[in-house]
Structure formats: C-alpha cells, structure tokens
Amino acid sequence: MSEHIDDILASARAAVAAAPPTGDPAYARYCHELAALLAEHWPTVLKANADDVAHAEQRGLPPVLLDRLRLTDAHLDQLRRLTATVHAELAEVTAPGPGVPIGDWGVRRRAPKPLGVVFMVFEARPTVTVEGALLPVAVGNAVLLRGGKEIARTNAALAAVAREALEAAGLPAHLVTVLDDPDRRQLRALLKRPDAVDVLVPRGSPSLIDYCRGASSIPVIASGGGVNHVYVHRSADLTLAAEAALDSKLPEPTACNTAELMLVDESVAAGFVAEVVAAAERDGRPVTVRLDARVPRPEGEGEGHCWRVEALQEHDFGREFLDATIGVYPVAGLDEAVAHIRRYGSAHTEGVIAADTAVAEEFTRRVDAAAIVVNGSLRLHDGPTLGLGSEISISTGRMHVRGPVTLGALITHSWVVEARGTLRSSVPAPRS
Amino acid sequence: MLTGLDRAAVTESVKRVVIAESRLSLQPSDIADHEPLSGEMLRVNSLGFVGMLVLLEDELDIVLPDDLFVGRSFHTVQDLIEVVLAGAEVSR
C-alpha cells in the first residue's frame, strides 16, 4: 500500500509542478470544459449514481440518507452554475497584486501561487466531488478526493469527467485524483504525509473532522460544525426576530450556518415565542420549538398546527439539532448570552437581533465567531451571499482562512521584490 | 474473550464517539447504555461511520472489519458497543 500511496502523491506533486501558473487561461478553459463534459456525460453519471443508490438501499440506508447520495438534473444545473461562477471569479482572484514602492530603491508585489496538493476527505455527497475537482484546481492546486464508499461508482464516473476536462483544457490529468480504495489504512497513511500533502480539507461528520484534526499534522481547513445562537435583546423588533429565527433554520436545517438556540431576554421571551409560532402558522412552516420551562407555552398548542413545543433539556446546549427544531432559552441580558455562547458555541456563526445599536455593537465586540450577523438571518453567512465568491466550505479555524473558503483562500502568494540592483547593505536601517 | 476492562474501555470510547458525532457537549457518563442512537439526544447515522470507525480504532488500538456495520441493525448505544466488541474480537 505504501508504494501505491507514494505513487499517488508523486503524481499529484508532479502535476502541480507541470501545471501552468495560477491565472493561466488554461484554468478558465478547464471550468468551461468541466461544465460541458458534465452535461455530456450526465446520463453516465446518473447511471452510476443509480447503482450506488440501489446498493445503499439494499444495505438498508434510510430515505433521508439515500437523498444525500442521489443526483438529479437539478444537481447538474447547480454544478454548471458553479463552474460559470468560478470562471467569472478567476481573473480577479488570480490577478497579481499592484506594485508598491519600497523607499526609493524597489517595488514589491504579490504573485498568486497554489497551496499545492490538497487532500479533501468527505462523506457521501457526490456534489462535493465536483466542487473539490473544481475550486482548488481552478487556482492551480492538485487535489486528492476521498469520498465515502457509498458513492464509489458515482465518484469514478465524475473522476473520468474531470480527467477529460483537464486534458481538454491542456492541464495535467493528475491535478484531480479520486481515491477509490475504501481501506481506512490509506486514509491514515495519507494523513501522516505532511511532507507530501500541503493542506487537508475534511468535510463531513464531526467524528471525521475531529479525527483529521487530531491525527494529522497537515494544516487543516475545516468547519467545526455550527452550534450557532441568536441573541434577541429586549429592544428587538420581535417580528423580525421570529422571521430571522425561522429563516436561520427551516430552509436547510442540517446546514452548518443554521440557528440552534435563541437566547432571548427574559422580558420578551414569551412574546418572541408567540411571534415564532404565529409566523410558522401563517406560512405553514413546520417547526419544533424546544422551550425552557421558565417561558410560558404559547396558546393554542395541540393538534392541527404545523408547530409544536417540546421541553428544552440541558443536553440541548451546545448541540446541532439537524432538523427543523429551534431551542429558546431566556437570559438575563447580554452578559449571560455572551457567556452561554462562549461556553457552548462552535465559533461558526452567531447573531444578534436588537434595535439598540449599542447592544449590537457590544455583542459583536465580545462574541468571537467566523461570522456575526446583526439583525438578520444566520444563513446569510456563505461566500456567494456575502459577495465573497464561491466557497468550498466555511472554516472555523483561526489561521489562514476563517469563514467562507473561497478561491482566494485556496491560494497563497510569493512576494516578488523588484530590487533594481539594490544590495541590503546599501538600504538604510529602518527606524525602531 | 475480552476482559471486563476491555468492555469498559469500549463502552467509554463508543459513548465518547457518539457524543462527538451527535455534536453534544456531554460526558460519556451522561449517556445511558439503552440511549437510542437516533433519538431525542443522539443523532448517529451510518454516513458518519468512517469517522467513527477510525476514532474507535485509534482510541482502542484495534482494527475493526470494514463491513462491521453492514447488514446489522442497531438502535441503541448498547447495540453499537456489542458490535464493536464483536468486531474487536474477530480482529484479534
């Protein structure tokens, strides 16, 4: 196995070396070819995917998980849009920095460079395979993609498409390698190769991300999951607070930027819950509210409603519900809300709803997260929506990149120093 | 045959892993053996098994069979503990 891994790593490294510089027109061609070839080969991809789904069904995977494996024509549309967006972003992201004069002797500028060999580990979402074959590669990286064995056939079909697109664009085929060995020894062995892998991007279950973080010394770009809160101050417009709560959760309950627990000032907690259930009822949006015992239960509870109320438990603190459930916990004020977030939050996305601007400002000063949303939905936290560009994940790390992991986060740079013959000994020492 | 200490270690590790997988801030002692794997408290599904397997293998210093979870039905933490104990025994 070690020889095979050495071969994989050597091929990926050689592909980075052989690839044209970041910003070369070949990468734009790759985006175009990938979109065209995905469309051309989509029936083959769907056939492979149908085999994967059938196999998973035979193994007894429940419908909700089968849905995660299944590709449809809607996914093709989504992936083609992504390739178009990445294509449009490339020129700006990969442009060399402007020359900046250094004293009277030279000029410095940044030149974009790839991170190198990127190892993406993920589970059973076939769209991630394409995202992984697109974003890192479009800026000059080689990528190793290890997806779940549940989508092995789909990934093999997608790998063939990516390789064909690379060759059509004039890029080395080994810029994309889909690892097809489900043996966990291969995963462990690759995680022990910081000499050959430059960055690790795990996407998937908490156990997988924890393992990658703990078992490897390769720099990791990872989301630590989204244990996210919204603090509702007594000055808040409660209608806005309720809408923000529902929009922060219901459209995509398992996403990492959803709200889990609303921390609501005691004096407005009952009014807030009444607004939440009224808004859910009005639009027929099913939601479960896990309510602390100190807050009166809303009137009209019972059969025939799209909402229901359950008791909030202590074990709900610091958890992601991963379904259409929102917790409501009354707090004495900003101090208690901040203390709760510091103890239980995952530093992913936090929010505050307050008409009092001083409160909102104090919240943003004291809370530390990849994004802090003031008077809005937590789901605004994603690269395209924030105008930051396409993203491959949202990072909760503190180094290199925090928040949306965009194309710009998948490159580094060289400082190019135009010295015009200057020697260090001739440059005056900087004043201390 | 595994010793009582092994069973305790497996129980502790399995509970630690299902807590992490369910994104809970609890201790292993907070989880009952009969707690459902997919219920009000825990949220464990088979797509997270790769991460769980490698964590368990590292924690327990064992190698578990690839097909450990295939064709088995388990509903509680206790079921998972028994599966891992059986897998650990087979691997020895």
(message) Checking the condition without any contact (Cβ under 8 Å) to a residue 12 or more places away in the chain, aliphatic (A, V, I, L, M) and on the phi < 0 side of the Ramachandran plot, which residue from A:Ala19, A:Ala39, A:Ala15, A:Ala54 passes?
(response) A:Ala54
(message) Just checking, does the stretch A:343-353 include any residue being crowded, with 20+ Cβ neighbours inside 10 Å, under 28 Å from the mean Cα position of the chain (by Cα), not hydrophobic (A, V, I, L, M, F, W, C) and not assigned by TED's automatic domain parsing to the domain that holds A:Ala255?
(response) no
(request) Kindly indicate the residue of the stretch A:169-214 that is touching a residue at least 40 places away in the same chain (Cβ under 8 Å), at the interface with chain B (Cβ under 9 Å from one of its Cβ atoms) and under 20 Å from the mean Cα position of the chain (by Cα) and also surrounded by the most Cβ atoms within 10 Å (Cβ to Cβ) among those meeting that condition. (result) A:Leu208
(request) Search the stretch B:27-76 for residues being among the acidic types (Asp, Glu) and outside any loop (DSSP other than H, G, I, E, B), and hand back the single one that is modelled with the highest pLDDT. (result) B:Asp30
(message) Yes or no: the stretch A:348-366 includes at least one residue that is within 14 Å of chain B (Cβ to nearest Cβ) and under 19 Å from A:Ala245 (Cα atoms).
(response) yes
(message) I'd like the residue in the stretch A:215-240 that is more than 8 Å from every other protein chain (Cβ to nearest Cβ) and modelled with pLDDT under 90 and, out of all such residues, is farthest from A:Gly116 (Cα to Cα).
(response) A:Gly226
(request) State whether the residues of the stretch A:227-249 include one that is of a type in the set (A, V, I, L, M, F, W, C) and more than 30 Å from A:Gly351 (Cβ to Cβ). (result) no
(request) Could you figure out which of (1) among the hydrophobic types (A, V, I, L, M, F, W, C); (2) out of contact with any helix residue (DSSP H, G or I) (no Cβ under 8 Å at 6 or more places or on another chain); (3) within 30 Å of A:Pro202 (Cα to Cα) isn't true of A:Ala311? (result) (3)
(request) Pull up the stretch A:173-187, narrow it to residues that are in contact with a helix residue (DSSP H, G or I) (Cβ under 7 Å, 6 or more places away or on another chain) and of a type outside the set (A, V, I, L, M, F, W, C), then point me to the one that is farthest from A:Val161 (Cα to Cα). (result) A:Arg184
(request) Name the single residue, out of those in the stretch A:31-41 being touching a His at 6+ places or on another chain (Cβ under 9 Å) and either buried (at least 17 other Cβ atoms within 10 Å of the Cβ) or outside the structural domain of A:Glu131 (by TED's automatic domain parsing) (or both), that is nearest to A:Ala160 (Cα to Cα). (result) A:Ala35
(message) Can you find, within the stretch A:112-144, the residue that is modelled with the lowest pLDDT among those that are part of a strand (DSSP E or B) and within 14 Å of chain B (Cβ to nearest Cβ)?
(response) A:Phe122
(request) List every residue pair whose Cβ atoms lie under 6 Å apart, where the two residues are 6 or more positions apart in sequence or sit on different chains, the first residue falls within the stretch B:44-64 and is within 11 Å of A:Tyr211 (Cα to Cα) and within 7 Å of another protein chain (Cβ to nearest Cβ), and the second residue, located anywhere, is among the polar types (S, T, N, Q) and not in a loop (DSSP other than H, G, I, E, B). (result) B:Gly51/A:Ser207; B:Met52/A:Ser207; B:Leu55/A:Ser207
(request) Could you tell me which of the residues A:Val100, A:Val86 is under 19 Å from A:Thr412 (Cα atoms), in contact (Cβ under 8 Å) with a residue 24 or more places away in the chain and more than 14 Å from chain B (Cβ to nearest Cβ)? (result) A:Val86
(request) Only residues that are over 14 Å from A:Val373 (Cα atoms) and in contact with a Leu (Cβ under 7 Å, 6 or more places away or on another chain): list them for the stretch A:332-359, please. (result) A:Ala337, A:His340
(message) With the requirement that a residue be surrounded by fewer than 19 Cβ atoms within 10 Å (Cβ to Cβ) and more than 14 Å from every other protein chain (Cβ to nearest Cβ), what does the stretch A:299-308 give you?
(response) A:Glu299, A:Gly300, A:Glu301, A:Gly302, A:Glu303, A:Gly304, A:His305, A:Cys306
(request) Identify the single condition in (1) over 19 Å from B:Met52 (Cβ atoms); (2) within 14 Å of chain B (Cβ to nearest Cβ); (3) not basic (Lys, Arg) that A:Gly148 does not satisfy, given that it satisfies every other one. (result) (1)
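Table: residues versus (1) touching a Gly at 6+ places or on another chain (Cβ under 9 Å); (2) aromatic (Phe, Trp, Tyr).
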site	(1), (2)
A:Tyr344	yes, yes
A:Gly351	yes, no
A:Ala354	no, no
A:Glu361	no, no
A:Asn375	yes, no
A:Leu378	yes, no
A:Leu386	yes, no
A:Gly397	yes, no
A:Gly403	yes, no
(message) Let me confirm something: among A:Leu37, A:Leu71, which residue is within 19 Å of A:Asn155 (Cβ to Cβ), more than 14 Å from chain B (Cβ to nearest Cβ) and in contact with an Asp or Glu (Cβ under 6 Å, 6 or more places away or on another chain)?
(response) A:Leu37
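The values are calculated or read from the model by the stated rules, or taken from the named source; none is laboratory data. Everything numeric in this text was worked out from a predicted model, so none of it was measured. All Cβ positions, glycine included, derive from the backbone under ideal geometry; neighbour counts span all protein chains shown.
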